[in-house]
1. How many residues does the range 119-131 contain that are open to solvent by 40 Å² or more (accessible area, probe 1.4 Å) and under 18 Å from the mean Cα position of the chain (by Cα)?
2. On the basis of being on the phi < 0 side of the Ramachandran plot and free of Cβ contacts under 8 Å to residues at least 60 places away in the same chain, does Glu86 make the cut?
3. Among the strands (runs of 3 or more DSSP E) confined wholly to the range 1-98, which include 3 or more residues that are over 21 Å from Val150 (Cβ atoms) and either at pLDDT 85 or above or of a type outside the set (Val, Ile, Thr) (or both)?
Amino acid sequence: MKPSRRAPGRLTVGLLFAPGPKNSLQLSRALGGEGAAVEIEGPDGLVGGAHGVPVTWDAPVRPGDAGKARIDLTDGGGAELSLPPEAMCPGYDAAAVGGHLAPPTDSSRTITGQPSYTLTVSVRDPGVGALRTSLGLSPDGNVLSADNLVPDGP
């Protein structure tokens, strides 16, 4: 996930999707009809969040897509969502929060810690469960979640 501040008063988040090692991932362009869920937590708790946030896909709709975004090993898949100002808790604005979503770095651009704020984006789509099932895993409610934390981070 890559935070951006394109629209004034909004926090725009880039989403990159990757398929499993052998199979493609097919998501509905409306992400299960529910859009995405976004939560942002700061040191003192929740600072923003919304459910049903629509996404805009990087790839245009092609004939034969049947309302699906196909994500494969060749192309991957990208989308973005824009969190409206109303989704921020009182006293927080998108620009200020967006500045705290990236992890701190030193002068060599080496990550030195975790971000001050945690951004979590979740999507629920039958395509997630179908991919998990094809890999021999439980569909786990068709939910895929990601956050901005550094894996095995400092």
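The values are calculated or read from the model by the stated rules, or taken from the named source; none is laboratory data. Bear in mind that the values here come from a model prediction, so they are computed numbers and not experimental data. Cβ sites come from the backbone with ideal geometry, for glycine too, and all protein chains shown count toward neighbours. What goes into the accessible areas is simple: the full protein's heavy atoms, side chains included, and nothing from ligands, DNA or RNA. Shrake-Rupley method; radii C 1.70, N 1.55, O 1.52, S 1.80 Å.
1. Step one: filter the range 119-131 for residues open to solvent by 40 Å² or more (accessible area, probe 1.4 Å), giving 120, 124, 126, 130.
From the residues that got through so far, the ones that are under 18 Å from the mean Cα position of the chain (by Cα) too are 120, 124, 126.
Of the residues in that region, 3 qualify.
2. yes
3. Values: elements: 2-4, 11-17, 25-28, 36-42, 45-53, 55-57, 68-71, 77-83.
Result: 25-28, 45-53, 55-57, 68-71, 77-83.
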